[in-house]
Each structure stands twice: as structure tokens, then as C-alpha cells.
Amino acid sequence: MEAAADLIGALPADEVPAPLRRFARFERRKRAKLAGQHIAAVLEKDPGFRGRVAGPLRETQADLVEAVEDGRVPPAADPVRVAVLAYLLRPAGWTDLVESARAELERSASVSEEEAAGRRVAALEEELAAARAARSAELDKLRAELRETKAEVAELRRKLHDARTRFRAAEERAGAVAAETERALAAARESTAASEKELRKLRARAAQAEAAAEAAKRAAREGRNVDDVRLRMLLDTLGDAAQGIRRELALPSTIGRPADLVGGHAHRPLPGRAVSDGDPQLLDRLLTLPHVHLIVDGYNVTKTGYGELPLSDQRSRLVSGLGGLAAQTRAEVTCVFDGAELDAPVAIAAPRGVRVRFSAPGQTADEMIVELVRAEPPGRPVVVVSSDREVADGARRADARPCPSALLLRRLGRS
């Protein structure tokens, strides 16, 4: 097949057998490797192709070709070459020549295998001897390392025992220190708690003292002013009642009003509750009184009229309506909101003639309304707008006239 592969690479394309033409362009070694089965089939079936393959061998191996054709194969001839020439030339008895070449190859292979086996045995014996020597040396080395390791282990055990002894001693010392520290910490905590308790008491006393001092200062400052304002308001009210023609809301701007002296803070709101309506003409008649002071329970009115709105919108709507009412009737108007639920101060732009107050921390709008009524001098007409029964009863006890929230809402609706 190698000889045929060389031949098809040298032949013109039209002289190459058809089954082998596609392999003619291959490199020589690839032709012999890839086209081996096809070349063998063509050699077996095509005597002419076999003859052309044997042609180059006739030139290069003429003596051996002649010997094979004559059936006189030299004993020293290569059995492979003899078998190749016998297969290609196919003289009489060529199969015997091929069989003889096969037997010779097997004998040579057997002898070669025996020699190789002998060489392998000798090499293995040498390797075994070397391995035994290396093993002996390795055993000696391992024994020495074992003795060293045992010595190291003994030393490590001694050190470990010493370390454990030191660790137990250190652990006992640490436990004693921890216990002492815990006792000291507990004592410090008790001392700190006592100090904090005493400090809270001192702060409370200081706050009470400051509040008392501030109240004393405020009372000293405002005592005279309250008496003057009440006297002035009483005189103006009596004068206007005698004349019957003045229906003004407030004193001239050159004086203060008692309600201005009742302070308040803007804090969290707590709305009032609504009750039934009263006489439709009651509020109109009360607003005709001279120098009347109209005090409105803010959330009670807004909850009655438009409680579905947010609190800020309720306040804005009520204060805006009270501004129009003050402008029409010239009455003094004070609107009080409960500040118990506010998270931060509320800024409200009150219209002219309307005073807006929020109850202080710890004080309800009802209590602030009563305080506003009591701040007025006896004889001045004061109207309290609220549907809360407690507020109405408190207003009556303070000589003020209560009025249901619904009447104010109707009056604001007409405005």
C-alpha cells in the first residue's frame, strides 16, 4: 500500500484508478494512512494496477525481483520485501512465499520478544536491587526521624503540661478579677442610680422653684394691669349700655383686653363634641349687646359643622368665618382650640378682630374658656359658643351666656 500510495501521487490524474483519484492530491503519508483500505481493494482486483505498482520495484530491487520470480529467495532477504514482491508479481507459489515471510516475521518477533523480556528481567532485577538498597537507606532514615519525632513529642508534652498549668492558674486569677470587677461594677451602678435619682429630685425641685418664681414675677407684673383693664372695661360697658348706641367689639387699640392676658401654647388638638341646636335668634340678639365678648370653643364648632375636614382646614375655615362676623358685628371674638394633641406650634394668621388661642400643656380648651370668662369684669356681656354641656354649665356658673355651636354655624352660613 505504501508503494501504491507513492505511485498514485506520481501518475497523471487520468491514469489513476477512479476509486483512488480523490486521494491522489493527499500528502504521501496521509494517502497511505487514509486511503489504505481503498488501495488494498484496488490492488486485489486490478492486476494492471498491481503491475504498475511493481514497476518501480523492478528497477530498484531487480535482483530480488528476479529471485522471487524464479522461486529462489536468498536466505538473508528481508521477509517483508519478499512478501511485497510476491503479492505484487504473483509468480507460481507466491502464497507460499508470503506464508514463509509471515512465519519468519513471527519467529523473529518471538526471538526479539524473548531478548526484550530477558533485558526487561535484568533491568527489573537491577531496579529491585536498587529499590532494596534505597528501602534499607530509607528505613534507616525513617528510624532516625522516628527517634527525633519521639523526642520532639516528649518535649511538646512537657511544654503542654506546663502551659496547662499556667493556663489554669491564669484562669483562676481571671475569675477572681472578674468577680471583683463585677462587684465593683454593681456598686458603681447602685451609686449611679442613687445619684441619678437624687439628681432628678433636685431638677424637679429646681423646676418647681423656677416655675414658682416665674409665676410670682408674672403675678406681680400683671396684677395691676388686670385690675386696670377690668375697671376700664366695666366703665366702658356701663357707659355704652346707658347710651344704647355703641355696639363695638373691643376697646380702642390704646388699651389691652383681659383675654389678651390669658396665655396659651400651640400643642396637640383634642376636638369637642356637638349637641343639638338652640333658638335661631339667640345668637343674633346676643351679638347686639354693647361690648359683647364672643368666646368660641373652636373644635366643638368645627366638628359640628365640617368635621370631615383635616384639623388644619377646620381651623382655617372657622377663623376666616369669625373674621367676617367680627367685621359685621364689631364684637370682640376669641377662638380657643385644644392644644393637647399638637406635635409642634401652629402658626395661624388670624384676621382683624379675632383672637386665636391654644390651650397650654396639661390644660384643656374647656378650662381655658372658663379662665377667659373669669378674666372679664362683672357686668360685661360674655357669650360662650359650645355644644359641650360641661362648657355650657361652666359658662353659666361664671355669669356668661352659653350658645349652641349650630347657631354660630348658621350665622356664619348667612354671612
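The values are calculated or read from the model by the stated rules, or taken from the named source; none is laboratory data. Predicted, not measured: the structure shown is a model, and the values here were computed from it. Here the Cβ is made from the backbone with ideal geometry for all residues, glycine too, and neighbour counts use every protein chain on show. Surface accessibility is based on the protein's heavy atoms, side chains included, excluding ligands, DNA and RNA. Shrake-Rupley method; radii C 1.70, N 1.55, O 1.52, S 1.80 Å.
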In debye to the nearest 20, the charge dipole size for the stretch 319-386, taken about the Cα centre with +1 at each Lys and Arg Cβ and -1 at each Asp and Glu Cβ, equals 440 debye
About its Cα centre, what dipole magnitude does the chain give when the only charges are +1 on Lys and Arg Cβ and -1 on Asp and Glu Cβ, stated in debye to the nearest 20? 2460 debye
Check: the stretch 160-203 dipole with +1 on Lys, Arg Cβ and -1 on Asp, Glu Cβ, in debye: 220 debye
Residue span residue 214 to residue 46: 0.36 nm per residue of separation minus Cα-Cα distance leaves a gain in nm of 46.9 nm
How far is helix 405-414 tilted, in degrees, relative to the longest principal axis of the Cα atoms in the chain, given as a value from 0 to 90 rounded to the nearest 10? 90 degrees
Inter-part distance where the stretch 386-413 and the stretch 165-215 are each reduced to a Cα centre, Å: 57 Å
Excluding residue 15 itself, what net charge comes from residues whose Cβ is under 14 Å from its Cβ, given Lys and Arg +1 and Asp and Glu -1? 0
At a 1.4 Å probe radius, carbon and sulfur cover how many percent of the accessible area of the chain? 54 percent
The stretch 1-152 pair-distance distribution - Cα-Cα, 5 Å bins, rounded %: 2, 8, 13, 12, 11, 10, 8, 6, 4, 4, 4, 4, 4, 4, 3, 2, 1, 0
Give me the accessible area per residue for the chain, probe 1.4 Å, as a whole number in Å². 63 Å²
Residue farthest toward the positive end of the dipole of the chain, with Cβ of Lys/Arg at +1 and Asp/Glu at -1: which of 79, 26, 413? 413
Relative compactness, the stretch 147-239, computed as alpha-carbon Rg over 2.2 N^0.38 Å: 3.13
Note the angle between two axes, namely the Cα long axis of helix 36-45 and the longest principal axis of the Cα atoms of the chain, as a number of degrees from 0 to 90, rounded to the nearest 10. 40 degrees
Under the 7 Å Cα-to-Cβ spin-label approximation, residue 146 and residue 202 lie apart by a distance in nanometres of 8.1 nm
Between 0 and 90 degrees, rounded to the nearest ten: what's the tilt of helix 311-329 against the longest Cα principal axis of the chain? 30 degrees
Which listed residue (306, 93, 118) has the Cα farthest towards the positive end of the charge dipole for the chain, taking +1 on Lys and Arg C-beta and -1 on Asp and Glu C-beta about the Cα centre? 306
Within the chain, count lysine pairs with alpha carbon atoms under 29 angstrom apart where the residues are 8 or more positions apart or belong to different chains. 6
Distance between modelled label sites at residue 347 and residue 132, nm, 7 Å Cα→Cβ extension: 11.0 nm
Where only alpha carbons of the chain are counted, the Rg and the Dmax (Å): 64.5, 175
Where does each of 351-357, 327-333 land if you order them by average Cβ count within 10 Å, highest first? 327-333, 351-357
Identify, among 163, 36, 11, the residue whose Cα sits farthest towards the positive end of the charge dipole of the chain, taking +1 on the Cβ of Lys and Arg and -1 on the Cβ of Asp and Glu, with the dipole about the Cα centre. 163
